[in-house]
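J.: Supplied in structure tokens, the structure appears directly below.
The values are calculated or read from the model by the stated rules, or taken from the named source; none is laboratory data. No experiment lies behind these values; they were computed from the predicted model shown. Here the Cβ positions follow ideal geometry from the backbone for every residue, glycine too, while neighbour counts run over all protein chains shown. Only protein heavy atoms, including side chains, enter the accessible area calculation; ligands, DNA and RNA are left aside. Shrake-Rupley method; radii C 1.70, N 1.55, O 1.52, S 1.80 Å.
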Amino acid sequence: MLSCSIRSLRRLKCCCNKRWSSLILAKGYCFSKPKVVPSFCNTDIKFSRFYVWEQQSSLRQWRRRSLYTVTDTYEAIELALDSVVKIFTVSSSPNYFLPWQNKSQRETMGSGFVIPGKKILTNAHVVADHTFVLVRKHGSPTKYRAEVQAVGHECDLAILVVESPEFWEGMNFLELGDIPFLQEAVAVVGYPQGGDNISVTKGVVSRVEPTQYVHGATQLMAIQIDAAINPGNSGGPAIMGNKVAGVAFQNLSGAENIGYIIPVPVIKHFIAGIEESGKYMGFCSMGLSCQPTENVQLRNHFKMQPHMTGVLVSKINPLSDAYGVLKKDDIILEFDGVPIANDGTVPFRNRERITFDHLVSMKKPNETALVKLLRNGGEHAFTITLQPLQPLVPVHQFDKLPSYYIFAGLVFVPLTQPYLHEYGEDWYNTSPRRLCELALRELPKRAGEQLVILSQVLMDDINAGYERLAELQVKNVNGIEIKNLKHLCQLVENCSRESLRIDLDDDRVVALNYESARIATSRILERHRIPSRMSIDLLSEQNSLLMDSAE
């Protein structure tokens, strides 16, 4: 259920300082007066003893953690000066309309901070599609070469390592803390636009809930604060007391001083996966699409008792372990013993609520969960193994070269959302409607499946008249249904017939004399200065098949 609203993504923006972006002045050093702690003493008699105890417990925690003074802020600054670094990234993104070449090189800047193990934590979007990364510590004119050790684009986090011993002299690491309570003060440290030196802004926590991560197009827990998070702040720590409360990563366009930080549970999940397996593991999903059951008539229809609450299962990803266990029209009542409300939320801290997706996403890969559900009026309990799930149409393709295959001037590519993004910021309305619907709603039927499209036709005598068939999905090659781009490539390359037939969406057909088309391919590649008829991944696969056949 890690989904993303197109409309919301338009307002959320990653805060990576790009040379070409408009100038946004940072607040600089800003110290506000200590916030007044709301009183929980006037508890109404009608509430239970447990509620009174809960409020008193929260008040004790608040007093212990929340009274943030100017002295504490100065301590946070001193703590950050030897930990926060400025990151300089040179990157080059692929061109999905011309997948054999990259776009022009660009420079971006962001922030990061040192964590235990001589590592630097920053945002994934700060180093996405990087070709060269440098870091500079506070007070030093020297930039040091850094390598990207691990990247999690879904959670927008990355880890850098610096080999130079000189860089680590005098550097201290920051410790991760807890999720702050509402109205607790945090200091955001980084290198936003408007200057070259370190900057500190202070704000308070206004909301804690799952939020759309614009970079990874996923929905994970995030903390909303009223401190300015401007381009360049990305990757900088939000410090509370003497520990890190989160990592600055995006703001809300069109709103004043609304920024978001990645909370510690998401950070720890990212780091733990890397430490255990040596690579980024991802965030788990049940692969479900669920509907709230807030309507009384809906609950009665599915035989829910008055004391029951839960959500209705609408769709199940066939690649999910839940596919063979859960069924459409099941009502999920509990997840790991936690009751799910009719609006899909579960209890969180002091009278706060959060969607149950958060409980799922915090599970480790291959970890199991006990799901209690209602089916045809009877209650059942099942154990489900959770895994990170990839959509049929990839949402992002950072740090990865796009795949393509060219035959007779016909350019075949797998459908991805980055391909649709080439149609502009308003790609949802300007891209081909059929492809957009497939990208956002189609579910995979088997592992390794791709939707392959004819992206364009490089004109030649061999393909004249086929140019109007661009942007259609490829269905079959010589009567065989294709599974992915690699399968299409194999079917075409190994064709033994005189004529090659390719069936497209909308019942369109491409027919070519195979030998003439093969000869024309070399001519077309030379004319358009394309180095290879297929991408590196497909070329490696073809070479492996040739070696196997030779043996």
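J.: Any chance you could look up the accessible area of M240 with a 1.4 Å probe, heavy atoms only, rounded to 10 Å²?
T.: My reading of the accessible area for M240 is about 20 Å².
J.: Might you tell me the accessible area per residue for segment 409-525, computed with a 1.4 Å probe and given in Å²?
T.: Using a 1.4 Å probe on heavy atoms only, each residue of segment 409-525 averages 48 Å².
J.: To the nearest µm²/s, what D does Stokes-Einstein give for segment 352-501 at 10 °C and 1.306 mPa s, using the Kirkwood radius over alpha carbon pairs as Rh?
T.: Result for D is 85 µm²/s.
J.: A further question follows. What figure in square angstrom, to the nearest 10, would you give for the accessible area of R351 with a 1.4 Å probe?
T.: 150
J.: While we're here: Can you pull a Stokes-Einstein diffusion coefficient for segment 240-361 at 25 °C (0.890 mPa s), Rh from Kirkwood over Cα pairs, as a whole number of µm²/s?
T.: Answer from the Stokes-Einstein relation: 143 µm²/s.
J.: Let me ask something additional. Rounded to the nearest percent, how much of the accessible area of segment 354-474 (1.4 Å probe, protein heavy atoms only) is carbon and sulfur?
T.: In segment 354-474, the share of accessible area belonging to carbon and sulfur is 50 percent.
J.: In the structure displayed, which of K268/K327; K268/K445; K315/K372; K118/K268; K328/K483; K303/K364 lie more than 24 Å apart, Cα to Cα?
T.: K268/K327; K268/K445; K328/K483; K303/K364
J.: I would also like to ask the following. Dividing the alpha-carbon radius of gyration of segment 346-387 by 2.2 N^0.38 Å (N being the number of residues), what value is obtained?
T.: 1.40
J.: At a Cα cut-off below 19 Å, give the aspartates and glutamates reachable from K400, other chains included and same-chain residues fewer than 8 away excluded.
T.: E107, D129, E147, E154, D156, E422, E449, D537, E541
J.: If you don't mind, another one. Taking θ as phi - 60°, what are the ³J(HN,Hα) couplings along segment 318-324 by the Karplus curve (6.51, -1.76, 1.60), each to the nearest whole Hz, with x for Gly and Pro?
T.: x, 8, 7, 5, 6, 4, x
J.: With a 1.4 Å probe and all protein chains left in place, how much accessible area per residue does segment 215-329 have, in Å²?
T.: Values: 4470 Å² over 115 residues.
For segment 215-329, the per-residue accessible area is 39 Å².
J.: Here is a further query. Return the Rg/Rh ratio of segment 67-282 with Cα-based radii and a Kirkwood Rh.
T.: Looking at segment 67-282, the ratio lands at 0.95.
J.: Under a 1.4 angstrom probe, counting protein chains only, how are S496, S361 ranked by accessible area, largest first?
T.: Result, largest first: S496, S361.
J.: Regarding segment 312-434, what is the average projected area of its C-alpha convex hull, in nm²?
T.: Details: hull surface 47.8 nm².
Directional mean of the projected Cα hull area for segment 312-434 stands at 11.9 nm².
J.: Further question on the same structure: Take every Cα-Cα pair in segment 141-267 and report what % of them are more than 20 Å apart.
T.: Within segment 141-267, distances greater than 20 Å cover 45 percent of Cα pairs.
J.: Just the number, please: carbon plus sulfur as a percent of the accessible area of segment 74-174, 1.4 Å probe, no ligands or DNA/RNA counted.
T.: 50
J.: Still on this structure: Tell me, what ³J(HN,Hα) does each residue in segment 164-174 have, in order and in whole Hz, if you take phi through Karplus 6.51 cos²θ - 1.76 cosθ + 1.60 with θ = phi - 60° and put x for Gly and Pro?
T.: Taking θ as phi minus 60°, the curve returns 5, x, 5, 4, 7, 5, x, 8, 10, 9, 9 Hz for segment 164-174.
J.: Give the residue from L435, Y404, V371 lying farthest towards the positive end of the charge dipole for segment 345-446; charges sit on Cβ (+1 for Lys and Arg, -1 for Asp and Glu) and the dipole is referred to the Cα centre.
T.: V371
J.: Tell me which residues come under 5 Å, amide H to amide H, from E471 once H is placed; ignore anything under 5 positions away on its chain.
T.: L454, S455, Q456
J.: Would you pull out the residues with amide H under 5 Å of T211's amide H, same chain only if 5 or more places away, H placed 1.01 Å from N?
T.: Result for T211 returns L220, M221, A222.
J.: Also, quick follow-up: What list of ³J(HN,Hα) couplings, whole Hz, do you get for segment 395-400 from phi and the Karplus terms 6.51, -1.76, 1.60, once you set θ to phi - 60° and write x for glycine and proline?
T.: After applying 6.51 cos²θ - 1.76 cosθ + 1.60, I find 7, 9, 9, 5, 6, 8 Hz.
J.: Hey, what does the equivalent ellipsoid look like for segment 446-539, semi-axes from the Cα gyration tensor as sqrt of 5 times each eigenvalue, largest first, whole Å?
T.: Details: eigenvalues 79, 53, 40 Å².
Equivalent ellipsoid semi-axes, largest first: 20, 16, 14 Å.
J.: Determine, at each q value in 0.25, 0.28 (inverse angstroms), the log₁₀ of I(q)/I(0) that the Debye formula gives when each Cα of segment 398-469 is one equal point scatterer.
T.: Debye curve over Cα of segment 398-469, log10 I(q)/I(0) at q = 0.25, 0.28 Å⁻¹: -1.22, -1.28.
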